[in-house]
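Enquirer: Dropping a structure here in structure tokens format, bear with me for questions.
Where a number appears in this text, it was derived from the coordinates with a stated rule and is not lab data. Keep in mind the model is a prediction, meaning the values are calculated, not measured.
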Amino acid sequence: MNIPLVFLLSVIPDTDLLIPFVEHRGPFHSIVLTIAVFVPFFIKYGRSASPYFVALIQHSLVGDYVAGGGIQLLWPLTTQPYGLNVSLASPLSIALEWTIFLVSAIIMIKTKDVYKLLQPNRSNLILAVPTFTVLLPTFLAFPLHVPLELVPPHLLYLGIFLISLSKCSHATITQLMYKNPS
Ligand SMILES: [Zn+2]
């Protein structure tokens with residue numbers, strides 16, 4: 001499994017913030033659209049497409065469905081927003097975030113996936129997208145600001161991603177220098 005790709009897919013729905021004329025929490029957050037996009041991948045790759053599908057759909061079904069102001073889950077069938085409208089800074093949202101963070105951290109340590117992220121691997125360059133579009137800008141309150149209670153997991157992922165990126169860019173530069181020693 002390509003873990004950096006999983007992280008990338010988990011933030012893809014929020015790229016709607018950067019695209020003009022596309023409503024935030026609209027089509028990009030639709031589970032109908034996500035399923036339609038993934039049908040060819042399931043036909044081609046079968047069950048191995050599942051982790052990538054889960055990474056993409058959990059953004060809407062777990063994260064945004066619970067917290068925030070509702071999402072157009074069933075676009076294009078209806079533009080009706082669905083959600084529990086829990087505040088991002090509420091104890092329920094923070095407890096849910098921490099629970100999912102701890103479970104995912106334990107799984108990543110057990111499967112040793114976290115060590116793979118810290119190796120100089122070229123596919124880790126994908127992490128530049130979640131790092132520079134979500135993790136870093138949120139400290140400047142874009143697209144939303146991180147509640148104080150969620151700063152520790154936020155900083156941990158930011159640290160892992162930055163180490164990962166610096167290791168693979170260092171490896172790429174070394175490789176280029178080795179190819180062109182002059
Ligand atoms: Zn979203």
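Enquirer: May I ask you to list, by number, the DSSP H helices of the chain whose Cα span along the axis is at least 27 Å and whose average Kyte-Doolittle hydropathy reaches 1.0 or more?
Expert: Length and hydropathy pass: 91-110.
Enquirer: List the lysines whose alpha-carbon lies under 20 Å from that of residue 179, not counting same-chain residues fewer than 8 positions away?
Expert: Cα-Cα hits under 20 Å: 167.
Enquirer: Contour minus end-to-end for residue 32 and residue 61, with contour as 0.36 nm per residue of separation and end-to-end as the Cα-Cα distance?
Expert: 9.3 nm
Enquirer: While we're looking at this one, here's another question. Just report the Cα centroid separation between region 126-145 and region 58-86, whole Å.
Expert: About 21 Å separates the Cα centre of region 126-145 from the one of region 58-86.
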